[in-house]
Amino acid sequence: MPVTSRWTMLATVLVGVTLATGGCASPQSGSSTPPSSSVTVTSSGGTRQPVKFIAEVWVDNWFSLSVNGQVVGEDVEPITQERSFNSQTLEFTATYPLTLAVVSKDYMENRSGLEYIGTSKQQIGDGGLIMQVREKASGRVVAATSKKWRGLVIQQAPLNPDCVGSSQPLVDCQTSIQDEPAGWTGTQFDDSQWPTATVYTPEQVGVKEGYEAISWVGSAELIWGPDLKLDNTILWRFTVTG
């Protein structure tokens with residue numbers, strides 16, 4: 001169960017070894033980072049042949065992608081960097097079915113959930129995620145973010161939005177933090193009780209650099225938790241049968 005605290009430090013969400021693909025793109029460039037390496041996901045059994053995939057992602061502000069329980073890559077722009085807006089391309093090889101597991105984080109300066117603290121722009125930030133996965137050889141899109149994706153919000157702040165003007169946000173702003181469920185990126189995890197995604201328009205998210213660098217299929221939608229501003233860290237899952 002989530003806990004509300006003024007003092008609990010936000011734990012690092014990403015678990016395990018990560019592999020970042022591609023070079024570091026300028027946050028103002030608006031360009032996609034081409035893949036420079038490919039990850040092979042260890043098969044958990046079955047007779048299907050491995051398939052090469054390309055995942056294309058834009059997020060405000062940071063993400064990590066796991067496939068069938070194995071991390072295949074993360075955003076090259078660090079979560080600690082303000083305005084790190086860029087699109088990201090990852091390559092991986094895996095067998096169907098695919099269990100896609102994504103960590104998405106909105107930028108926040110500290111656990112208060114605020115950004116630009118101490119300036120005239122001090123505010124509550126907002127997030128947004130869009131992703132599509134396609135087979136490399138055929139170009140067929142096999143998965144795209146939509147209201148069918150299931151997401152668990154594990155960090156929310158501030159729970160009392162009226163603290164937005166506080167000169168001591170770490171004291172005045174309240175935070176809800178929930179631990180990651182054990183094994184949540186794996187193929188056998190039961191996410192049936194997780195809420196489904198909330199879909200937002202590009203205008204609501206306020207898409208920025210990198211979003212236009214990718215040709216999104218019509219079924220790809222911008223998703224986030226039910227509160228675009230207060231939901232800061234979300235775990236996502238979606239399974240592709242083939």
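List of remarks:
- Of all residues in the range 119-153 being touching a helix residue (DSSP H, G or I) at 6+ places or on another chain (Cβ under 9 Å) and not aliphatic (A, V, I, L, M), the one that is farthest from Thr40 (Cα to Cα): Gln122
- Members of the range 146-171 that are touching a residue at least 24 places away in the same chain (Cβ under 8 Å) and part of a helix (DSSP H, G or I): Pro161, Cys163, Val164, Gly165, Pro169, Leu170, Val171
- With respect to the conditions (1) crowded, with 17+ Cβ neighbours inside 10 Å; (2) outside any strand (DSSP E or B); (3) among the hydroxyl-bearing types (Ser, Thr, Tyr), Ser176 falls short on a single one, namely (2).
- Residue tally, condition buried (at least 18 other Cβ atoms within 10 Å of the Cβ), part of a loop (DSSP other than H, G, I, E, B) and out of contact with any Leu (no Cβ under 9 Å at 6 or more places or on another chain), over the range 118-145: 0
Conditions tested, residue by residue: (1) under 16 Å from the mean Cα position of the chain (by Cα); (2) under 25 Å from Asp190 (Cα atoms).
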residue	(1), (2)
Phe63	yes, yes
Pro78	yes, no
Leu90	yes, no
Val103	yes, yes
Ser112	no, no
Thr119	no, no
Gly125	yes, no
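- Taken over the range 193-241, the residue count meeting the criterion of being in contact with a strand residue (DSSP E or B) (Cβ under 8 Å, 6 or more places away or on another chain), over 18 Å from Ser104 (Cα atoms) and not in a strand (DSSP E or B) is 5.
- Being more than 18 Å from Thr99 (Cβ to Cβ), surrounded by 13 or more Cβ atoms within 10 Å (Cβ to Cβ) and among the hydroxyl-bearing types (Ser, Thr, Tyr) is a property that Thr233 has.
Read-outs: derived from the displayed coordinates by stated rules, not from any lab. These numbers come from a predicted model, not from an experiment. Don't worry about glycine lacking a Cβ; one is built from the backbone with ideal geometry, like all the others, and counts go over all protein chains shown.
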